[in-house]
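Trainee: Dropping the structure in here first, questions after.
The values are calculated or read from the model by the stated rules, or taken from the named source; none is laboratory data. Here the structure is a predicted model, which means the values were calculated and not measured. Cβ placement follows ideal geometry from the backbone for every residue including glycine, while neighbour counts extend to all protein chains displayed.
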């Protein structure tokens, strides 16, 4: 290997940046492709797959045999909170190759005796992270359940683009956390990336089982990323006739326009590009989404129903897009993790061409669709969506189990909007949302 090439490769390794060494097996020529440059390289697709999987191997391009040698930084796990869950999680993560660091300023907890052989730092996260650089190959799990310890770590992890950010706590405590961090200037789109409650829902009943659920979730984030992400279509062209006195998509919920909440969620998932289909009050929707990294597609025929928006969106997809997740602009409780889950459930090689969230036999949104279904989508007419095609082809559909109402709650009326506001307030307090809604109805009566 040429000395300058070796020096460049070592520089990427030291900086914890991914890179691929491309070797021409016919002539022996070599070149280095940095991860940041892979998308514009002539070998973009095989490079993307190599960087996703971490596996080196042969590829053929333009009649030449090439070998791709992948260099990925070793994955790291930073844990805040030297608690019982951490005592189980740390050795499990180390056993599968993670470098583990535990941060906790409480000296009674952060001791070598409780975590033998691990990098344990009895420091505040904001101090420790100044020297412990976070990056996209780092996972952060905040388990202290103390805002003074957890919040600085969450903020730093989101800013650094860590591949996994999880936080211990109930949905109610997380809602309060989100409001607290948003008030400190953390973008809500970034906050939507936090996996909370942390871990997969496996019915964990003790610290060791919670640790298993966390490890499974973060390994899934690390390993199951497709070579090319799914695109996202946000349908925001409808007239909202059931809310005649306001344009519902631009009505603020918690100070944020309804449609902006949905689009920020899409941007917090892995889906790219995010395309927003506009029509009715299109300029108002554009204004509500100012500053967000989205592409707009205008549906001139929006009055003819949902199918026209779906056709407009599919026609606007770049030709290289193989999968798309379709979101409705009036469903603000969908989470980024669900967008990723339905996209990852697609597998055209196994005839899994569509994926839908389901609970109790009820199908919800968003829906993920693979390219083989795109021509059928372009034939739809009237006020119908993809469900017509899915009903006709049930063997192509994979169901993704979900909990909660996020996949089923859309906002069509002023009453539903007010109920959403009450639930948002109740989530961050000790208020009973159901009782508050009943009181509101009694007052109106």
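Trainee: Kindly provide the set of residues from region 92-116 that are over 18 Å from residue 148 (Cα atoms) and touching a residue at least 12 places away in the same chain (Cβ under 8 Å), ordered by number.
Mentor: Listed by number, the residues that qualify are 92, 93, 94, 96, 97, 98, 99, 100, 101, 111, 114, 115.
Trainee: In region 78-91, which residues are in contact (Cβ under 8 Å) with a residue 40 or more places away in the chain and farther than 14 Å from residue 125 by Cα?
Mentor: Answer for region 78-91, where residues must be in contact (Cβ under 8 Å) with a residue 40 or more places away in the chain and farther than 14 Å from residue 125 by Cα: 83, 84, 85, 86, 87, 88, 89.
Trainee: Of all residues being in a loop (DSSP other than H, G, I, E, B) and touching a helix residue (DSSP H, G or I) at 6+ places or on another chain (Cβ under 9 Å) in region 3-42, which is farthest from residue 132 (Cα to Cα)? Just the residue, please.
Mentor: The selected residue is 41.
Trainee: Within the set of pairs 6+ apart or on separate chains, which have a first residue in region 164-184 that is in a loop (DSSP other than H, G, I, E, B), a second that is crowded, with 21+ Cβ neighbours inside 10 Å and modelled with pLDDT of 90 or more, and C-beta atoms under 6 Å apart?
Mentor: As it stands, the answer is 168/143; 168/198, since those pairs meet every condition given.
Trainee: Related question: Are any residues in region 340-352 surrounded by fewer than 23 Cβ atoms within 10 Å (Cβ to Cβ) and within 17 Å of residue 405 (Cα to Cα), and if so, which ones?
Mentor: 341
Trainee: Would you mind stating whether residue 234 is at pLDDT 90 or above and more than 28 Å from residue 198 (Cβ to Cβ)?
Mentor: Criteria not met by residue 234.
Trainee: Over 19 Å from residue 383 (Cβ atoms), surrounded by fewer than 21 Cβ atoms within 10 Å (Cβ to Cβ) and under 14 Å from the mean Cα position of the chain (by Cα): is that true of residue 318 in this structure?
Mentor: No, not satisfied.
Trainee: Additional query: Out of the residues in region 127-146 that are within 20 Å of residue 108 (Cβ to Cβ) and not in a loop (DSSP other than H, G, I, E, B), state the one that is modelled with the highest pLDDT.
Mentor: Only one residue fits best here, namely 142.
Trainee: Right, next: Identify all residues within region 57-104 that are part of a helix (DSSP H, G or I) and surrounded by fewer than 20 Cβ atoms within 10 Å (Cβ to Cβ); write none if there are none.
Mentor: Hits for region 57-104 are 84, 87, 88, 91, 92, 94, 95.
Trainee: Now for a separate question. Taking residue 285, is it in contact with a helix residue (DSSP H, G or I) (Cβ under 9 Å, 6 or more places away or on another chain), closer than 27 Å to residue 163 by Cα and not in a loop (DSSP other than H, G, I, E, B)?
Mentor: For residue 285, the condition - in contact with a helix residue (DSSP H, G or I) (Cβ under 9 Å, 6 or more places away or on another chain), closer than 27 Å to residue 163 by Cα and not in a loop (DSSP other than H, G, I, E, B) - is not met.
Trainee: Working only within region 54-68, note down all residues that are touching a residue at least 12 places away in the same chain (Cβ under 8 Å) and touching a helix residue (DSSP H, G or I) at 6+ places or on another chain (Cβ under 9 Å).
Mentor: Of everything in region 54-68, those that are touching a residue at least 12 places away in the same chain (Cβ under 8 Å) and touching a helix residue (DSSP H, G or I) at 6+ places or on another chain (Cβ under 9 Å) turn out to be 54, 55, 56, 59, 61, 66, 68.
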